[in-house]
Amino acid sequence: MFQLNDNYLKLPGSYLFSTIGKKVREYQAAHPDQKVISLGIGDVTQPLAPVIIDALHRAVDEMGHRETFHGYAPDLGYEFLRTTIAKHDFQARGADISADEIFISDGAKCDCSNIQEIFSQDNTIAVCDPVYPVYVDSNVMAGRTGTYDPQSGVWSDVIYMPCTMDNDFVPELPKKTPDLIYLCYPNNPTGSTLTKDQLQVWVDYANRVGAVILFDAAYEAYISEENVPHTIYECEGARTCAIEMRSFSKNAGFTGVRLGFTVIPKDIQRDGVALHALWARRHGTKYNGAPYIIQRAGEAVYSPEGKEQLTKQVAYYMNNAAVIKEGLCKAGYRVSGGVNAPYIWMKTPDGMTSWQFFDELLNKANVVGTPGSGFGPSGEGYFRLTAFGTYESTLEAVRRIQRL
Ligand code: MLT
């Protein structure tokens, strides 16, 4: 008789963005005349840049000819893309990362959730609170998080590092020593960042206690301020303690195309075994590589035209961020983020819970956001809005919120 993986049964409710999607569909069905604006899930709205479309077309044509057809991709990624990434994202920033330390995948969400597989089940994880739910949920599925207290929203075996207005959304080093530390900067959901010195503190700490930092840099393209590191490998010593995950979703609009990568320096080792070797083994066994045409599209992101076109796209979204931030500040809300990240993080008004404010906004303004408590207990009383809408709908959403 088969048995379930009953770790799945410990998961409360459904995935955050599935819950929101369901609520919005129900509302829309009951109010078909209302025009709902979604500033909820961080999904892009601008079409793929011309340089990417051209690269896709060329690669599709190649697939139609015997001489240029491609079957299975190399399981760790095509050399042309790995080399390009190493050069532009790392070596150009003085970060010592080589092409063979880069693993191409179909997105950062999968990598963020799968990476825990190469660690012992006995490892303790530390997460910022609030946090991108994938980090915790994937560890719940793996049986690493203990029991859940629905009252507090806390897992017994997870180390939470609160990030609130009181500490300017900068986590303190945990009192209990973790084995795996999830960090996401620029941060989803708070839109905050760490300076290079602040990140260096984490790298030094991880090396001291023998922990690994799982660094999610999906929003790197949105950094606008000096002294904010674009990769954790700008920090001294990161090669021995940090894995970095990157996405093409937010910098190049690939949410529907799917491409990402993970960097594992060969220097991260335990008892003479490199994590690099374990992840390579996993990739080889479980994954057949992102499609050739998509990897060619990814390569185009780094071309001079690609960089120019995508800088404009990022600026478009960051203009939305400014519109939201200024509009909400004018309306008297307490707002942060939106400077180095496409997320605006706001305090809910009048002591409302995050979900009360979600309902208020949906019912009275027909605007969808993401309740802060969905990202963890310290997110209660906060709310996230994304800058990934169109300019017009963002403007309209802000006007509606101002009229509340
Ligand atoms: C978010 O809204 O937090 C993100 O879009 C979710 C994701 O990237 O998977």
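Some observations on this one:
- Solvent-accessible area assigned to carbon and sulfur over the chain amounts to 51 percent, based on a 1.4 Å probe.
- In this rough spin-label picture, where each label sits 7 Å from Cα along the Cβ direction, the Glu79-Glu392 distance is 4.8 nm.
- The modelled label-to-label distance between His65 and Asp197, using points 7 Å beyond Cα along the C-beta direction, is 5.7 nm.
- Under the combined filter of DSSP loop state and at most 15 neighbouring Cβ atoms within 10 Å, segment 64-147 retains these trypsin sites (Lys or Arg not before Pro): Arg66.
- Proximal charge balance of Ile293 [Cβ under 10 Å; K/R count +1, D/E count -1]: 0
- By the Kirkwood approach, averaging reciprocal distances over each pair of separate Cα atoms, segment 53-303 gets a hydrodynamic radius of 18.8 Å.
- Per residue, the solvent-accessible area of the chain (1.4 Å probe, heavy atoms of protein chains only, all protein chains present) comes to 44 Å².
- In this view, the solvent-accessible surface of Leu361, computed with a 1.4 Å probe and all protein chains in place, comes to about 0 Å².
- Global geometry of segment 1-130, whether rounded, prolate or oblate, following the gyration tensor of its Cα atoms and the 1.5 cut on a/c: oblate
- Per residue, the chain reaches -10500 deg cm²/dmol at 222 nm when only DSSP H runs of four or more residues are counted, each adding -39500 (n - 2.57).
- Label-zone membership for segment 171-193, site Lys10, 7 angstrom Cα→C-beta point, backbone N under 18 Å: 178-182
- Highest-fluctuation residue, Glu308, Glu380, Glu26 considered, GNM on the chain with Cα pairs under 10 Å: Glu26
- As a length-normalised measure over Cα pairs under 8 Å and 6 or more apart, the relative contact order of segment 80-212 settles at 20 percent.
- Theoretical gain in end-to-end length, Asp157 to Arg334 [0.36 nm per residue, Cα-Cα removed]: 60.5 nm
- For segment 95-165, the set of chymotrypsin sites (Phe, Trp or Tyr not before Pro) satisfying both a DSSP loop assignment and a count of at most 14 other C-beta atoms within 10 Å is empty.
- The length gained by stretching the chain between Asp96 and Asp204 to full extension, at 0.36 nm per residue less their Cα-Cα distance, is 37.2 nm.
- Basic side chains Lys and Arg get +1 at the Cβ, acidic Asp and Glu get -1 at the Cβ, and with that the dipole of the chain about its Cα centre reaches some 740 debye.
- Sequence-ordered 3J(HN,Hα) estimates for segment 137-151 from the Karplus curve with 6.51, -1.76 and 1.60 and θ = phi - 60° stand at 4, 5, 6, 5, 4, 8, x, 10, 10, x, 9, 9, 9, x, 5 Hz, glycine and proline given as x.
- Projected label points at Asp350 and Arg58, each 7 Å from Cα along the beta carbon direction, are separated by 5.7 nanometres.
- Residues in segment 155-188 that a label on Leu404 would reach, taking backbone N under 12 Å of a point 7 Å out along Cα→Cβ: none
The values are calculated or read from the model by the stated rules, or taken from the named source; none is laboratory data. All of these numbers come straight from a predicted model, not from anything done at the bench. Here Cβ is always computed from backbone atoms with ideal geometry, including for glycine, and neighbour counts include all displayed protein chains. Note: areas computed on protein heavy atoms with side chains; ligands, DNA, RNA excluded. Shrake-Rupley method; radii C 1.70, N 1.55, O 1.52, S 1.80 Å.
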